Structures are given as C-alpha cells and as structure tokens.
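Nothing in this text is a laboratory measurement; each read-out follows from the coordinates by a stated rule. Since the model is a prediction, treat every value here as computed from it, not as a measurement. Methodologically, a virtual Cβ is constructed for each residue, glycine included, from the backbone with ideal geometry; neighbour enumeration extends over all protein chains shown.
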C-alpha cells in the first residue's frame, strides 16, 4: 500500500524535528564541554546520537515504504547558556514534550489515514517518548534536590558521565 502523501510529508517533517533535536543536544553538549560538567556534556552528546538514530529510523521507514525522502533545513543550535544544569535540563524536558506532541500528531494522522503499518511503526516512538520524558524529569528532580550543593552536583555530573549508549532504545543516566 502506498504511503498517503500527507503522512509522507509529516514523516519527512519529523525527520527534520529529530535532526533538530539531535543538533540542539549537540549544542548543549558543546556548552557543557566549556564547564566543569563534563559528565553532562557526555550525557547530552549521547542524547544527540540517540536523536540522530530516531531520525534514521524514520528515514529507513520512508525508504521501506518507497516514499520520497525530502530532507529539510535545520537551525543552528544554541551552544552557550547563561544558566545552570537544572535550567538546561528543563529546556531539554520542554523539547522532549514538544517531540511527544509531534509523535502524537503523527499517530493521529496515521489513524485518520487508516495507515495501520505506520501506526504500528509509531508505537515504538510513543513508548520511547514516555521514557525520554521520565528520564529527564528524574534528572531535574535530582538536580533540584542537589540545588547549589557543589558536591551533589558533581556527583550527578559523574553519574551522567557514566551513561552508556544503548542500541535502539533508551540510554539512561
């Protein structure tokens, strides 16, 4: 079955969204590289790689459906922040919530188009977004608990730096 054009366009737009998230996380990593928080830099870099993987998953799906792949321009990310780790992770959470809404909108479109193969495909992304938001929320809670306690912040930074990349799924701190 041919992929409906509206869904093809929306999936192409989501590739752009995922690549933008990839680039935004890379920018956050660049910021942390200029601070004492090298563990957070690593965490953001791994998150960047994960978002790139999400874009490629969408890219491959379009290819498998013999759909046209149209790559779109992404914006330069911010690489310097005038705030601390908690505020940067709050920005991260807001970004993940935006991606969740984008995936929900894609799912609704696929449902309206009665494209059940795409619905099945998007189920992985729905579950992934639950994990993404939960992981970032947990980090924010812990950062708030540490507040301005240098030792606590450095411990959280160290834990974030021990994050390991995981193929296809969530890589948690």
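GNM remark for the chain: springs join alpha carbons under 10 Å apart, and the peak mean-square fluctuation among 151, 67, 13 falls on 151. In terms of its alpha-carbon gyration tensor, segment 1-98 comes out prolate; a/c meets the 1.5 threshold, and the first ratio a/b outweighs b/c.
Using just the alpha carbons, could you tell me how many Å³ per residue the convex hull of the chain encloses? Please list the in-between numbers first.
Numbers: hull volume 16.5 nm³, N = 173.
Output value, Cα hull per residue: 95 Å³.
From the largest down, segment 104-156 spans 53, 14, 9 angstrom on the principal axes of its Cα atoms. In this label model, residue 113 and residue 155 are separated by 4.9 nm, measuring between points 7 Å along each Cα→Cβ vector. Between residue 126 and residue 73, the FRET efficiency from the beta-carbon distance, with R0 = 25 Å, is close to 0.40.
Across segment 1-112, the relative contact order, built from alpha-carbon pairs under 8 Å that are at least six residues apart, equals 38 percent. Segment 51-144 gives an Rg/Rh value of 1.04, both radii derived from C-alpha positions and Rh following Kirkwood.
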